[in-house]
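Written out below as structure tokens is the structure these notes cover.
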Amino acid sequence: MSGWPHHHLIDLARFSREDFATVLGLAQRFRTLPVSGGRKLPALQGRLVTTLFFEPSTRTRSSFELAARRLSADVQSFTPSSSSLSKGETLLDTVLTYVAMGADVLVVRHRCTGVPARLVHHLRTLGIRASVLNGGDGLHSHPSQGLLDLLTLARHFNPGDPGPRALEGRRIALVGDVLHSRVARSNLWALTACGADVVLCGPPTLVPDLFRRFVEAPPPGQQEDPVARRGRIEVCRTLEEALPGADAVMTLRLQKERMRQHLLSSLESYHRCFGLTHARLRLCGGSAPVPVLHPGPVNRGVEMSGALLSDPEHSLVDEQVLNGVPVRMALLYLLAASEVAQGAALDQSSLNPSSSRP
Ligand code: NCD
């Protein structure tokens, strides 16, 4: 673990294949460690993880907080509605207040693209060491979701060795509102880095053609792609074209709160064309049940039928939620465990469960 190169986590465009392997390997270890019954791992004892969610969240926030507690960190959470933001305090001053209380990791979600990256810039300028972990910013990036989706798929394809290689050569269909989805963007970086081909499917208003070239442009400030050879991205307009040969299908929520104009004729017609059902999944071919993923929250009967969502033969939605905790434990560990603890490479003392109760 001593070579972990990232002090902050803003997006997955900067991740090499080794970085993905490190997170998946660690998350898989955390997944199999016995942390039930209130037992915790002492790895982050004395560290403070602060969650600052300026936008609503059910899964991400509680999963980060549970992950931090399972590693024995102290956890503090900020709620915008009852904060001094309403008295005019700026976002930066709010964050600095938590830094002054000793926050080691700031998990930040904001509806505006770029807020976590701006915070990193300010913290650097002020010489502050706290790490920023992006919990989702605007349309841009949701790295922990991209990583938990990756672990879920890797465990499905190769339960014995769920590393990046489990994704090599797979065809993954991403269906729906790609344009407004930070989850889709993070998945595009993650899946192609691991050698999977991604087929995007939706109407041109939600899946513009330009997404074909999405991973070709390095993000600002980055010279070159840390991944030598990525999987390809294809764009299809119908499920009939997109699904044949797909090894897994991920469908995305229609992000109505982010649509600035009418991009759909109606939810019913969207479901008729792009909604996943048992019958539609048969288009994938093959004899094994094809796994279906959704980052949640789901609009039942729109992105997929209620019957499919609740069918354990196909639906990995609960598995995604479950995998969120060990993936976020891995991220918090990599960002916040002291260099000494990381050098000891997950040695027994920092990872052996203690019997202390939360
Ligand atoms: C996603 C998000 O907030 O970006 N949800 C999540 O974190 N699980 C996707 C969504 O809101 O549709």
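Since every read-out is calculated from the coordinates, none of them should be taken as a lab result. Please read these numbers as outputs of a predicted model, since none were measured by experiment. Don't worry about glycine lacking a Cβ; one is built from the backbone with ideal geometry, like all the others, and counts go over all protein chains shown.
Given the chain, what percent of its DSSP beta bridges are antiparallel, to the nearest 5?
Antiparallel: roughly 5 percent of the beta bridges in the chain.
For the chain, what mean projected area does the convex hull of the alpha carbons give, in nm²?
Here the figure is 18.1 nm², rounded to one decimal.
Add +1 for every Lys or Arg and -1 for every Asp or Glu among the other residues with Cβ under 13 Å from the Cβ of residue 290, and state the total. All intermediate terms of the calculation are to be shown ahead of the outcome.
Numbers: positive: 170, 171, 280, 282; negative: 247, 311, 313.
Once all neighbours under 13 Å are counted, the net charge is +1.
So for each of 15-25, 216-226 I average, over its residues, the number of other beta carbons within 10 Å; can you give me the resulting order with the highest mean first?
Going by the mean number of other Cβ atoms within 10 Å, highest first, we get 15-25, 216-226.
Given the rule -39500 (n - 2.57) for each run of at least 4 DSSP H residues, summed and divided by the residues of the chain, what is its mean residue ellipticity at 222 nm, to the nearest 500 deg cm²/dmol?
-10000 deg cm²/dmol
What residues qualify as long-range amide H neighbours of residue 132, i.e. H under 5 Å apart, gap of 5 or more or another chain, H built at 1.01 Å from N?
9, 106
Relative to the Cα centre, what is the charge dipole magnitude of the chain, using +1 at the beta carbon of each Lys and Arg, -1 at the beta carbon of each Asp and Glu, and rounding to the nearest 20 debye?
Result for the chain is approximately 400 debye, rounded to the nearest 20.
Taking neighbour counts of Cβ atoms within 10 Å as a proxy for exposure, in what order, fewest first, do 250, 329 appear? Before the final figure, lay out each step's value.
Values: 250 26, 329 29.
Ascending Cβ contact count within 10 Å gives the list 250, 329.
Answer rounded, prolate or oblate for segment 143-317, using the Cα gyration tensor with square roots of eigenvalues a ≥ b ≥ c: rounded when a/c is under 1.5, else prolate when a/b is larger than b/c, else oblate.
Cα axes put segment 143-317 in the oblate bin.
With point charges of +1 on the Cβ of Lys and Arg and -1 on the Cβ of Asp and Glu, referenced to the Cα centre of the chain, which listed residue (198, 249, 64) lies farthest in the positive direction of the dipole?
It is 64, whose Cα lies furthest towards the positive end.
Taking the Cα centre of segment 143-317 as origin and charging only Cβ (+1 Lys, Arg; -1 Asp, Glu), how large is the dipole, in debye to the nearest 20?
Numbers: 20 positive and 18 negative charges, 51 e Å.
Computed about the Cα centre, the dipole is about 240 debye.
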